[in-house]
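Peer 1: Starting off with a structure, shown below.
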Amino acid sequence: MMENEYILRLQGITKSFPGVKALDGVSFDVKRGTIHALVGENGAGKSTLIKILAGIYHADEGALHFNGRDNVAFRTPHESHQAGIGVVHQEIKLADPLTVAENMFVGNLVYTKLGLVDWKTMKKRARQIIRDLGIDIDVNAPVSALSVAKQQIVEICKAVNLEMKLLIMDEPSATLTERELEIMFGIVRKLRDEGITIIYISHRLDEIFELADMVTVLRDGKHIGTVPVSSVTRDRLIAMMVGRELGQQYPKEEIAIGETVLEAKGIVRRGVLKDISFSVKKGEIFGISGLVDSGRTELARAILGIDRLDSGEVFVRGKKVNYRGFRDAIHDGLGLIPEDRKKQGLVQIFDIKTNICMVNLKKVIRAGIVRKRLVNRYGTEYAKKLRVVMPSLETQVQFLSGGNQQKVVVAKWLMQDSEILILDEPTRGIDVGAKAEIYRLMTEMVKEGKTVIVISSEMPELLGMCDRIMVMHEGQKKGELTREEANQERIMALCV
Amino acid sequence: MSQVGARAAKENPVLKALSKFSKDFMSVLGIIFLGAILSLTTEKFLQWDNLKLILLQSSTVAICALGQAIILLTGNFDLSLGRNVAFTSCLGALLMKGMLYDGMAPMNPTLVILIILAAGTFIGVCNGLLTAYVGLPAFIATLGLQNVCYGLAKVITNATPIATFPNSIAWLGRGFAFPEILKKNLPWCVVLMLGIYIFAQFIFTKTKLGRNIYAVGGNKEAAFFAGINVKRYTFLAFVMAGFLAAFSGVVLMSRLNSVAITNGQSYEFDAVIGSIIGGISLTGGKGRLIGTMFGIIFVMLLFNGMTQWKVDAFMQDVLKGIVLVIAVTLDVLRNRKRV
């Protein structure tokens, strides 16, 4: 029977928003008990599709068959939940101060005969679920005390507890390190072997090849294809996603390396950074690798004067600096593209041009007055330079896709024209096309004699773009590799 | 349904323009609408004296409300503004009449005005320091200052009203601009209100100070990472509000020619109602300051209307509370994000 073989069948799902057709007649089937990857560039329609499955949006047209029920339409997230669809969002949605067990049973409490909350049973069941997944998390620990990876696992446990039949995982890997990822993969496989179907969304193609059975590609709201993972190559998959063959992925060029422009000596921040020294030369792309909590972002913050140093010295262009705040560093020609573009990079309710002109406001002010004409001119110039795909310059950035949002963040720092730019996870969660733009810009910057420092969890991009890579672990510098020396294994060996 | 409506608005330029106008100037539409109802249902409303009175009453509230609006732009809130008005106007009255302590001589009115403007600004400085630099929640810091101001007003006046001030300050609240030409139809305080709002509107859309305050309110963290001194701009917003509250106190003192500790009571709430109706968002970073002025005029129109409709004075407070809740609800609905 079809109904039994396929847990989910989509037929001609269409969904429009003012001005955009987010989904255009999407049809595909998801086999029961498989890991089904869903890929596509930002704006391809993945999120919209998931929101329809989760009961947040409603399809304008088309039919949805789920678990033997024909023509289901989830009017609310609750209905979707009841039917057996669980979503693990990219941003974790747990109640921080509550314990793991409490979170797993939120909205699904077990009561004793007296009508009181039955903690004993719930904790027992929580422990059981966690143990079955082969991991070790204390059910009494508050969620806030767990690492991001473990929080994500708690989200999964929650779904398992609710006996979900279909689990949708929206970029679970975006914030995880390689090792945490392995654990996550183990859990996902185990769930599949227990008969749970998983729809897995990721921008990292490696993961899809490692984990998924089937893959569906969406592009511009259309279904491009659904194929067994074993039958496609990486290049073929990328071609399906972008609709063209991408040129060279990492546009690395040989550039004359100049004198040292930034030097850190013995940087210490108690409990966070331990005696870190390194130097970066003009025209270099310098990579900083390491696990998420290895102190990479903290190092950047310390150098930029955001956090105080307990000891150590920073030299910029050979001169010792003592920044009292980030603003001092900016005035001295440094810049930072922060890791969380939504919260730290952009004012979501402002339009594109206002965001672009935010750092270098001076440039659009004449005689103390912000000139609209200049805001428009520079807004247009830099948006064009980064090839931001947008309805207009007046569009609020919250309506842009992740990749285009990141381009706007980069644009505002290009306008500032910083000599030394630190990019913290510049390509996290953005699509291949936008990534290519960011890489192209990094190359262009160093060509203009600037210096780029990239902090990244994505090893291929560090290996592809950087002249040297520094590896950090638990606040310490574990080593430094030149472009020639560096490979995935060597970095990994230093990371852990 | 709403999406269908939104789509229609997107496609039809007339509807689009209308929808944008109504979003930006909901308060103006509200004034027209309410004014129409009032003129149809009451006799007195349309009389020029009544309209003038509404504008007069609006002016002091609106001047104070501008401060609240600026603070709302930073995503904060000031509970002390109304009591700031009370304290500064009481202090001014005592200084002008030489009643602050036994044997005190009356002071020069101009000097007094400068002193109380400084006093009001100082209260703003306290709020700003506590909120921006010490890191207290604005709610607590300004609640504290609210009580301090009210307490001080009671202490210095012994809670008794004080009346009749030198004629030299009468023009501020009771005088008319170009009395011969305009036949005493344009009160100075209305001119002041307009002037201050136009000035503020200009500053906040066209200068670094204004843009950065919007940025801080729009997203504090992103503003920080764009090199904006978040603390300083938050602080400045409170300082400006303190100054404006004191200024409102000066005008109020002159307009009523008497002061009492109840002066400025609930101005901070009226200000919030006015600001939100005027399009300022409670979450910060959004809205036009000039809208607040229209919002306040709308609120005063409503109060005037309630009096015309002979709504009991105590009942008016109840309705005011309801209006506040409705206004905030509108703000929440307006800013509801697509999930």
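Peer 1: Suppose we filter A:ILE257, A:ILE285, A:ILE238, A:ILE267 for residues that are buried (at least 17 other Cβ atoms within 10 Å of the Cβ), in contact (Cβ under 8 Å) with a residue 60 or more places away in the chain and out of contact with any Cys (no Cβ under 7 Å at 6 or more places or on another chain); which single one remains?
Peer 2: Details: A:ILE257 fails: buried (at least 17 other Cβ atoms within 10 Å of the Cβ); A:ILE285 fails: out of contact with any Cys (no Cβ under 7 Å at 6 or more places or on another chain); A:ILE267 fails: in contact (Cβ under 8 Å) with a residue 60 or more places away in the chain.
Only one candidate passes the filter, namely A:ILE238.
Peer 1: Residues of segment B:203-226 being in contact with a Leu (Cβ under 9 Å, 6 or more places away or on another chain), at the interface with chain A (Cβ under 7 Å from one of its Cβ atoms) and surrounded by fewer than 22 Cβ atoms within 10 Å (Cβ to Cβ), which ones?
Peer 2: Hit for segment B:203-226 is B:LYS208, nothing else.
Peer 1: In the set A:ALA73, A:ALA149, A:ALA101, which member is modelled with pLDDT of 85 or more, crowded, with 17+ Cβ neighbours inside 10 Å, of a type in the set (A, V, I, L, M) and out of contact with any Phe, Trp or Tyr (no Cβ under 6 Å at 6 or more places or on another chain)?
Peer 2: Values: A:ALA73 fails: crowded, with 17+ Cβ neighbours inside 10 Å; A:ALA149 fails: modelled with pLDDT of 85 or more.
Unique residue meeting the criteria: A:ALA101.
Peer 1: Going residue by residue through segment A:78-94, is there one that turns out to be among the charged types (D, E, K, R) and in contact with a helix residue (DSSP H, G or I) (Cβ under 8 Å, 6 or more places away or on another chain)? Steps first, please.
Peer 2: Just the residues of segment A:78-94 that are among the charged types (D, E, K, R), to begin with: A:79, A:91, A:93.
This time we only want the ones that are in contact with a helix residue (DSSP H, G or I) (Cβ under 8 Å, 6 or more places away or on another chain), so: A:93.
Yes, segment A:78-94 contains at least one residue that is among the charged types (D, E, K, R) and in contact with a helix residue (DSSP H, G or I) (Cβ under 8 Å, 6 or more places away or on another chain).
Peer 1: With the requirement that a residue be out of contact with any Lys or Arg (no Cβ under 7 Å at 6 or more places or on another chain) and away from every other protein chain (no Cβ under 13 Å), what does segment A:44-65 give you?
Peer 2: A:GLY45, A:LYS46, A:LEU49, A:LEU53, A:GLU61, A:GLY62, A:ALA63, A:LEU64, listed by residue number.
Peer 1: When you look at A:GLU263, is it within 26 Å of A:VAL446 (Cα to Cα) and either of a type outside the set (D, E, K, R) or outside any helix (DSSP H, G or I) (or both), yes or no?
Peer 2: Working: within 26 Å of A:VAL446 (Cα to Cα): yes; either of a type outside the set (D, E, K, R) or outside any helix (DSSP H, G or I) (or both): yes.
So A:GLU263 passes the test.
Peer 1: Only helices (runs of 4 or more DSSP H) wholly contained in segment A:97-207 count here; list those with 2 or more residues that are at positive phi and touching a residue at least 40 places away in the same chain (Cβ under 8 Å). If you could, list the steps in order and put the result at the bottom.
Peer 2: Values: elements: A:100-104, A:119-132, A:148-161, A:178-193.
Because the criterion is at least 2 residues that are at positive phi and touching a residue at least 40 places away in the same chain (Cβ under 8 Å), no helices (runs of 4 or more DSSP H) in segment A:97-207 meet it.
Peer 1: Here's a follow-up. Return only the number of the condition from (1) away from chain B (no Cβ under 14 Å); (2) part of a helix (DSSP H, G or I) that A:ILE469 does not satisfy.
Peer 2: (2)
Peer 1: On to the next question. What number of residues in segment A:284-317 are on the phi > 0 side of the Ramachandran plot and either part of a strand (DSSP E or B) or within 14 Å of chain B (Cβ to nearest Cβ) (or both)?
Peer 2: Residues of segment A:284-317 on the phi > 0 side of the Ramachandran plot: A:290, A:295, A:305, A:312, A:317.
Now drop any that are not either part of a strand (DSSP E or B) or within 14 Å of chain B (Cβ to nearest Cβ) (or both), which leaves A:290, A:305, A:312.
Of the residues in segment A:284-317, 3 are on the phi > 0 side of the Ramachandran plot and either part of a strand (DSSP E or B) or within 14 Å of chain B (Cβ to nearest Cβ) (or both).
Peer 1: Oh, and also: Return yes when B:LYS154 is surrounded by fewer than 18 Cβ atoms within 10 Å (Cβ to Cβ), more than 14 Å from chain A (Cβ to nearest Cβ), assigned to a helix (DSSP H, G or I) and among the basic types (Lys, Arg) and no when it is not.
Peer 2: Values: surrounded by fewer than 18 Cβ atoms within 10 Å (Cβ to Cβ): yes; more than 14 Å from chain A (Cβ to nearest Cβ): yes; assigned to a helix (DSSP H, G or I): yes; among the basic types (Lys, Arg): yes.
So B:LYS154 fits the description; yes.
Peer 1: While we're here: Only residues that are out of contact with any helix residue (DSSP H, G or I) (no Cβ under 9 Å at 6 or more places or on another chain) and part of a helix (DSSP H, G or I): list them for segment B:168-190, please. Steps first, answer last, please.
Peer 2: Keep residues of segment B:168-190 that are out of contact with any helix residue (DSSP H, G or I) (no Cβ under 9 Å at 6 or more places or on another chain), which gives B:178-184.
Result: B:PRO179, B:GLU180, B:ILE181, B:LEU182.
Per-residue answers, yes or no, for (1) of a type in the set (S, T, N, Q); (2) touching a Gly at 6+ places or on another chain (Cβ under 6 Å):
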position: A:GLN152; (1), (2): yes, no
position: A:ALA159; (1), (2): no, yes
position: A:LEU181; (1), (2): no, no
position: A:GLU210; (1), (2): no, no
position: A:THR216; (1), (2): yes, no
position: A:GLY221; (1), (2): no, yes
position: A:VAL232; (1), (2): no, no
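Peer 1: Before we move on, is B:ILE326 surrounded by 21 or more Cβ atoms within 10 Å (Cβ to Cβ) and either within 14 Å of chain A (Cβ to nearest Cβ) or among the β-branched types (Val, Ile, Thr) (or both)? Steps first, answer last, please.
Peer 2: Details: surrounded by 21 or more Cβ atoms within 10 Å (Cβ to Cβ): no; either within 14 Å of chain A (Cβ to nearest Cβ) or among the β-branched types (Val, Ile, Thr) (or both): yes.
Here the answer is no, as B:ILE326 does not meet what is asked.
Peer 1: Since A:LYS320 meets every condition but one in (1) of a type outside the set (Asp, Glu); (2) closer than 27 Å to A:SER277 by Cα; (3) part of a helix (DSSP H, G or I); (4) without any contact (Cβ under 8 Å) to a residue 40 or more places away in the chain, which condition does it not meet?
Peer 2: Answer for A:LYS320: the failing condition is (3).
Peer 1: Before we move on, is A:PRO460 farther than 26 Å from A:ILE306 by Cα and assigned to a helix (DSSP H, G or I)? Walk me through how you get there before you give the answer.
Peer 2: Working: farther than 26 Å from A:ILE306 by Cα: yes; assigned to a helix (DSSP H, G or I): yes.
Yes: the conditions hold for A:PRO460.
Peer 1: Ok, one more. From the list B:LEU40, B:LEU55, which one is assigned to a helix (DSSP H, G or I) and over 25 Å from B:LEU192 (Cβ atoms)?
Peer 2: B:LEU40
Peer 1: Out of the residues in segment B:282-296 that are more than 14 Å from B:ALA200 (Cα to Cα) and within 11 Å of chain A (Cβ to nearest Cβ), which is surrounded by the fewest Cβ atoms within 10 Å (Cβ to Cβ)?
Peer 2: Of everything passing the filter in segment B:282-296, B:THR283 is surrounded by the fewest Cβ atoms within 10 Å (Cβ to Cβ).
Peer 1: Somewhere in segment B:180-202, is a residue without any contact (Cβ under 8 Å) to a residue 60 or more places away in the chain, of a type outside the set (Lys, Arg), within 14 Å of chain A (Cβ to nearest Cβ) and in contact with a Leu (Cβ under 8 Å, 6 or more places away or on another chain)?
Peer 2: The answer is no; no qualifying residue exists.
Peer 1: Can you name the helices (runs of 4 or more DSSP H) wholly within segment A:342-441 that have at least 3 residues being more than 14 Å from every other protein chain (Cβ to nearest Cβ) and surrounded by fewer than 23 Cβ atoms within 10 Å (Cβ to Cβ)? Lay out the reasoning, then the answer.
Peer 2: Details: elements: A:352-356, A:372-385, A:402-416.
In segment A:342-441, the matching helices (runs of 4 or more DSSP H) lie at A:372-385.
Peer 1: If I go through segment B:149-182 residue by residue, how many of them are under 14 Å from B:ALA260 (Cβ atoms), among the small types (Gly, Ala, Ser) and over 22 Å from the mean Cα position of the chain (by Cα)?
Peer 2: 2
Peer 1: For A:VAL446, indicate whether it is crowded, with 16+ Cβ neighbours inside 10 Å, closer than 20 Å to A:GLN249 by Cβ and at pLDDT below 90. Step through it out loud before you land on a result.
Peer 2: On the way: crowded, with 16+ Cβ neighbours inside 10 Å: yes; closer than 20 Å to A:GLN249 by Cβ: yes; at pLDDT below 90: no.
Judged against the criteria, A:VAL446 is not a match.
Peer 1: From the list A:GLY55, A:GLY25, which one is on the phi > 0 side of the Ramachandran plot, surrounded by fewer than 17 Cβ atoms within 10 Å (Cβ to Cβ) and touching a Ser or Thr at 6+ places or on another chain (Cβ under 7 Å)? Full working, then the answer.
Peer 2: On the way: A:GLY55 fails: surrounded by fewer than 17 Cβ atoms within 10 Å (Cβ to Cβ).
Exactly one of A:GLY55, A:GLY25 is on the phi > 0 side of the Ramachandran plot, surrounded by fewer than 17 Cβ atoms within 10 Å (Cβ to Cβ) and touching a Ser or Thr at 6+ places or on another chain (Cβ under 7 Å), namely A:GLY25.
Peer 1: Taking only segment A:330-341 into account, find how many residues are in contact with a Ser or Thr (Cβ under 9 Å, 6 or more places away or on another chain), part of a loop (DSSP other than H, G, I, E, B) and either small (Gly, Ala, Ser) or more than 8 Å from every other protein chain (Cβ to nearest Cβ) (or both). First the steps, then the outcome.
Peer 2: We begin by selecting, within segment A:330-341, every residue in contact with a Ser or Thr (Cβ under 9 Å, 6 or more places away or on another chain); these are A:330, A:333-336, A:338-339.
When the remaining residues are screened for being part of a loop (DSSP other than H, G, I, E, B), the result is A:333, A:338-339.
This time we only want the ones that are either small (Gly, Ala, Ser) or more than 8 Å from every other protein chain (Cβ to nearest Cβ) (or both), so: A:333, A:339.
Summing the residues that are in contact with a Ser or Thr (Cβ under 9 Å, 6 or more places away or on another chain), part of a loop (DSSP other than H, G, I, E, B) and either small (Gly, Ala, Ser) or more than 8 Å from every other protein chain (Cβ to nearest Cβ) (or both) in segment A:330-341 gives 2.
Table: residues versus (1) surrounded by fewer than 24 Cβ atoms within 10 Å (Cβ to Cβ); (2) touching a strand residue (DSSP E or B) at 6+ places or on another chain (Cβ under 7 Å); (3) not in a helix (DSSP H, G or I); (4) not charged (D, E, K, R).
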{"position": "B:ALA237", "(1), (2), (3), (4)": "no, no, no, yes"}
{"position": "B:MET240", "(1), (2), (3), (4)": "yes, no, no, yes"}
{"position": "B:LEU244", "(1), (2), (3), (4)": "no, no, no, yes"}
{"position": "B:ARG255", "(1), (2), (3), (4)": "yes, no, no, no"}
{"position": "B:GLN265", "(1), (2), (3), (4)": "yes, no, yes, yes"}
{"position": "B:SER275", "(1), (2), (3), (4)": "no, no, no, yes"}
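The values are calculated or read from the model by the stated rules, or taken from the named source; none is laboratory data. Please read these numbers as outputs of a predicted model, since none were measured by experiment. Note that each Cβ is placed from the backbone with ideal geometry, even for glycine, and that neighbours are counted across all protein chains shown.
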